[in-house]
Amino acid sequence: MRARLGINNCFAVKRWPRPGDWAQIVAEELGLDVVEVSLDLVEDLDWPAGRQRAADQVRSALSRHALQAETVFTGLAAYSLNLLMHPDGDRRRAAVEWYLSVVDLAGRVGARGAGGHVGAMSAPDWADPARRAERWSGLRQSLAELGAAARAADLDYLLVENLACHREPSTMDGLESLLTDGDAAHAPVRLCLDVGHQCVPGTTGAERDPYAWLERFGGRLAEVQLQQSDGVADRHWPFTAERNQAGRIDPGRVLDTLAAAGAQDVLLVLEVIPAFEQDDAQVLADLRASAGLWQAALTERGMR
């Protein structure tokens with residue numbers, strides 16, 4: 001198995017918003033060459049000239065620091081929205097249009113894929129079986145439209161992330177129903193597996209086991225997002241000695257599970273979300289520790 005290690009640049013929100021600053025940290029402080037671009041750091045997404053300006057700035061920073069933007073990913077701002085499963089039809093259509101701009105940006109920065117959080121049902125829709133089925137069917141239709149746009153933009157895939165709320169795509173069978181192989185007119189819809197999101201209220205057994213998710217999807221997923229977590233909540237902790245004692249995500253076990261599941265070429269993305277009030281120097285120290293731990297595990301297994 002071959003694995004590539006990168007990082008979601010969400011760590012830079014409100015700290016290092018300029019592409020040149022976060023790119024320098026990724027390349028020089030962390031020694032990585034792959035970055036996932038968080039939309040929380042793209043302010044000009046809604047109009048074509050702004051997207052081109054943002055894309056030019058990102059591409060320039062990537063080139064200067066020999067980085068590859070593998071994916072473009074929804075951030076915390078988008079995660080606060082219902083998006084493609086909003087109860088109002090006009091808002092669902094607006095979410096499709098927003099996602100089309102995301103696909104366009106991904107093509108402009110040279111990414112292979114785009115996506116993440118695709119939607120959340122409202123509590124009333126979830127409680128009504130007919131409306132719940134309607135929202136889910138609508139989500140699949142919207143993903144098909146976006147898959148066509150992704151194919152036209154020369155992306156390799158759309159990403160759908162497993163999430164931590166029961167009204168979102170959050171179970172194995174639920175995610176399975178959204179994934180597609182794609183065709184000549186549509187890019188595939190592929191899974192971004194976050195190993196810290198197996199804390200969905202009401203779930204039990206394998207649903208709450210990140211290693212069971214890796215076993216089931218490991219041979220066909222697009223990306224694994226890495227955070228240290230205790231399984232109680234969606235922590236997005238770094239991989240530091242202190243957090244590793246409390247957490248259950250072990251780099252070696254993750255890699256061995258992926259290899260046993262038949263994974264061939266895996267994108268691993270650190271997704272560490274520091275508190276805004278945390279000391280900036282400590283944030284960098286935590287990121288260095290996280291990258292170093294995963295780099296060592298990859299080296300030990302000859303996967304780099």
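Among the candidates Asp234, Asp194, the residue that is closer than 25 Å to Val118 by Cβ, at pLDDT 95 or above and touching a His at 6+ places or on another chain (Cβ under 7 Å) is uniquely Asp234. Within the range 241-284, being in contact (Cβ under 8 Å) with a residue 40 or more places away in the chain and within 19 Å of Asn9 (Cβ to Cβ) holds for Leu267, Leu268, Val269, Leu270, Glu271, Val272, Ile273, Pro274, Phe276, Asp280, Val283, Leu284. Scanning the range 162-181 for residues that are surrounded by fewer than 17 Cβ atoms within 10 Å (Cβ to Cβ), assigned to a loop (DSSP other than H, G, I, E, B) and over 17 Å from the mean Cα position of the chain (by Cα) yields His166, Ser177, Asp181. Hey, does the range 122-137 have a residue that's among the hydroxyl-bearing types (Ser, Thr, Tyr) and within 18 Å of Val200 (Cβ to Cβ)? Checked against the condition, which is being among the hydroxyl-bearing types (Ser, Thr, Tyr) and within 18 Å of Val200 (Cβ to Cβ), the range 122-137 yields at least one hit. Of all residues in the range 44-80, those satisfying the criterion of being over 24 Å from Leu5 (Cα atoms), part of a loop (DSSP other than H, G, I, E, B) and in contact (Cβ under 8 Å) with a residue 24 or more places away in the chain are Leu45, Asp46.
Mind checking whether some residue in the range 29-39 is surrounded by fewer than 16 Cβ atoms within 10 Å (Cβ to Cβ) and in contact with an Asp or Glu (Cβ under 9 Å, 6 or more places away or on another chain)? Scanning the range 29-39 turns up no residue that is surrounded by fewer than 16 Cβ atoms within 10 Å (Cβ to Cβ) and in contact with an Asp or Glu (Cβ under 9 Å, 6 or more places away or on another chain). Please indicate, with yes or no, whether at least one residue in the range 130-146 is out of contact with any helix residue (DSSP H, G or I) (no Cβ under 8 Å at 6 or more places or on another chain), closer than 30 Å to Gln57 by Cβ and not in a strand (DSSP E or B). Scanning the range 130-146 turns up at least one residue that is out of contact with any helix residue (DSSP H, G or I) (no Cβ under 8 Å at 6 or more places or on another chain), closer than 30 Å to Gln57 by Cβ and not in a strand (DSSP E or B). Note on the range 225-301: enclosed helices (runs of 4 or more DSSP H) holding 1 or more residues that are among the aliphatic types (A, V, I, L, M) and crowded, with 18+ Cβ neighbours inside 10 Å are 251-260, 280-300. Of the residues making up the range 109-139, those that are loosely packed, with under 15 Cβ neighbours inside 10 Å and not aliphatic (A, V, I, L, M) number 5. Within the range 182-202, being closer than 19 Å to Val232 by Cα and assigned to a strand (DSSP E or B) holds for Leu193, Asp194. Pairing each residue of the range 91-116 that is free of Cβ contacts under 8 Å to residues at least 60 places away in the same chain and among the aromatic types (Phe, Trp, Tyr) with any residue that is open to solvent by less than 10 Å² (accessible area, probe 1.4 Å) and not in a loop (DSSP other than H, G, I, E, B), provided the two are 6+ apart or on different chains, yields C-beta distances under 7 Å for Tyr99/Leu146.
Pairs are defined by a Cβ separation below 7 Å, a sequence spacing of at least 6 or placement on different chains, a first member in the range 25-37 that is in contact (Cβ under 8 Å) with a residue 24 or more places away in the chain, and a second member that is surrounded by fewer than 17 Cβ atoms within 10 Å (Cβ to Cβ) and among the hydrophobic types (A, V, I, L, M, F, W, C); the pairs so defined are Ala27/Ala66; Asp33/Ala66.
The values are calculated or read from the model by the stated rules, or taken from the named source; none is laboratory data. Keep in mind that what you see is a predicted model, and the values were worked out from it rather than measured. A quick note on method: Cβ atoms are made from the backbone with ideal geometry, for glycine too, and the neighbour counts reach across all protein chains shown. Keep in mind that these areas ignore ligands, DNA and RNA; they rest on the heavy atoms of the full protein, side chains included. Shrake-Rupley method; radii C 1.70, N 1.55, O 1.52, S 1.80 Å.
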